[in-house]
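Here the structure is laid out as structure tokens; the discussion comes afterwards.
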Amino acid sequence: MSSETSANVRSNYINNHGSDYFEYDLETLFIEFLEKDIQCTEFNKMLARTKAILLDLQLRGISGDNPEAV
């Protein structure tokens, strides 16, 4: 996408939604950014733990000679 096309897309988006659609308060933007950053960090930790639990269950099944039982 060229810069001219990108500028047109941006202008059309602003025209469609109006300027009141966008947040201007930097404190609010910063708080929302921090909230999403914390959520992302915690979600990634949870995914790593979930993968570890699944791996543990698979290894228990393999070591017990009955992977289907686990």
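Taking log10 I(q)/I(0) by the Debye sum over Cα atoms at q = 0.16, 0.24, 0.28 Å⁻¹ as calculated from this structure, the corresponding entry among (i) -0.54, -1.22, -1.57; (ii) -0.78, -0.97, -1.06; (iii) -0.61, -1.03, -1.24 is (ii). For the pair Leu34 and Asn8 in one chain, pulling the backbone fully straight at 0.36 nm per residue adds 6.3 nm over the alpha carbon distance.
Cβ-Cβ distance of His17 and Met46, R₀ of 35 Å, FRET efficiency by 1/(1 + (r/R0)^6): the value works out to about 0.55. Helices in the chain, meaning DSSP H runs of at least 4 residues, each add -39500 (n - 2.57). Divided by all residues, the mean residue ellipticity at 222 nm is -27000 deg cm²/dmol.
Sites listed here are chymotrypsin sites (Phe, Trp or Tyr not before Pro) in segment 23-70 whose DSSP assignment is loop and whose Cβ has at most 15 other Cβ atoms within 10 Å: Tyr24.
Where a number appears in this text, it was derived from the coordinates with a stated rule and is not lab data. Source: prediction; values computed, not measured. Positions of Cβ are generated from backbone atoms using ideal geometry, with glycine treated the same way; all protein chains shown enter the neighbour counts.
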